[in-house]
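The values are calculated or read from the model by the stated rules, or taken from the named source; none is laboratory data. This structure is a prediction, so every number in the text was calculated from the model and none was measured. Note: areas computed on protein heavy atoms with side chains; ligands, DNA, RNA excluded. Shrake-Rupley method; radii C 1.70, N 1.55, O 1.52, S 1.80 Å.
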Amino acid sequence: MNEVVKYDNYMNSLKFIGFTVTDFNFLMALCSRMRDKDINRITFSFAELRNITEYKKSNSIKQFVIDLEHMNEKLMRVIYKIKTETKIIMFVLFPTFEIDMEKQELTVAVNERFKFILNELIKNFTHFDLKEFIKLDSKYSKTLYRLLKQFKTTGRYEVKLDDFRNKMDCPVAYSNKYVMDLIIKPALKELQNYFQDLQCTVKYEHKRGRPVEGYIFTFTPEQLPKPASKELSERIDSFSKLQVELTNEEMDRLISEFGKELVMDYIERTSAYNCCTYAKIRQWITEDLNKNIKSKKQFNQFMEREISKEKLDELERILIKH
């Protein structure tokens, strides 16, 4: 089964300074395993993490631990900042890394207050296949891949020059020509297999010398699956507006077991009672189905009364008389 990475789009605004290919692979593996789990901690064996990330740098456990340490040190410097009209909140997503060299395990704790970045994702999230991400050879390709995946249904990603340089962690000394020749062009070449007709257009300012203002990346957008009917389409559209607590995996499991029409009906019904969870929906559907089965069995077991012809004739005379 393919591992899937899914996180709030907010993560795409962060700067992962100094991250290597290995660092990004470790980070996305953590995000993949913790998504939609609503848990505080998760433990990987070294063997499992090496397998998921296709780690081939060294067979040495010591070197593997060193790489985990280095990734964590960089991750601790990635500050998540949320601003409201009255508050500025700053935090790190993974506040605790515990490397047990005796058990050969890594235990990671996610910030309890901000699990929303990896959980309860109904809309405004980035979603991609971990295996595809791992296979990319360049850290620049990996970063651009994530950014483009946020816009996979529109096929257009427009970004200012400074914002792009920051997100890609471009060397300060790189001129815009170097950014194009050493970062963008090689990344586009590597990502052609994942984004159809991927192109980059340079956007220039209307000033003397035509300085670079930013970049526009375009590609063929991914097509969303069409619903079975107009009525079902309207119900699916309304689904995103409901206060639901279903993950994509849970939704898929329900549809696989009971069918899309029935599941959408029960989602609407349970939402009205503010209890639209996987467990509650499955319980209601199962209980109702069991009632129908029981009712049918009782009907099938019903025995006709044996009435003689004499009694039927007598009954007929009484009915005619009255």
Heavy-atom SASA rank of Lys160, Lys139 (probe 1.4 Å, accessible area, largest first): Lys160, Lys139
Taking the reciprocal of mean 1/r across every pair of different Cα atoms in the stretch 87-138, the Kirkwood radius in Å is 14.2 Å
Suppose accessible area is computed on protein heavy atoms with a 1.4 Å probe; arrange Met76, Met90, Met34 from highest to lowest. Met90, Met76, Met34
For Arg156, what accessible area in Å² do you get when you roll a 1.4 Å probe over the heavy atoms of the protein chains, rounding to the nearest 10? 110 Å²
Roll a 1.4 Å probe over the protein heavy atoms and report the accessible area of Asp137 in Å², nearest 10. 120 Å²
Per-selection Kirkwood Rh - the stretch 1-131 (Cα, Å, 1 d.p.): 15.5 Å
A 18 angstrom limit on the alpha carbon distance is what I want to check against. Which of Lys15/Lys160; Lys57/Lys135; Lys135/Lys167; Lys6/Lys189; Lys135/Lys189 exceed it? Lys135/Lys167; Lys6/Lys189
How many Å³ per residue does the convex hull of the Cα positions in the stretch 53-198 occupy? 172 Å³
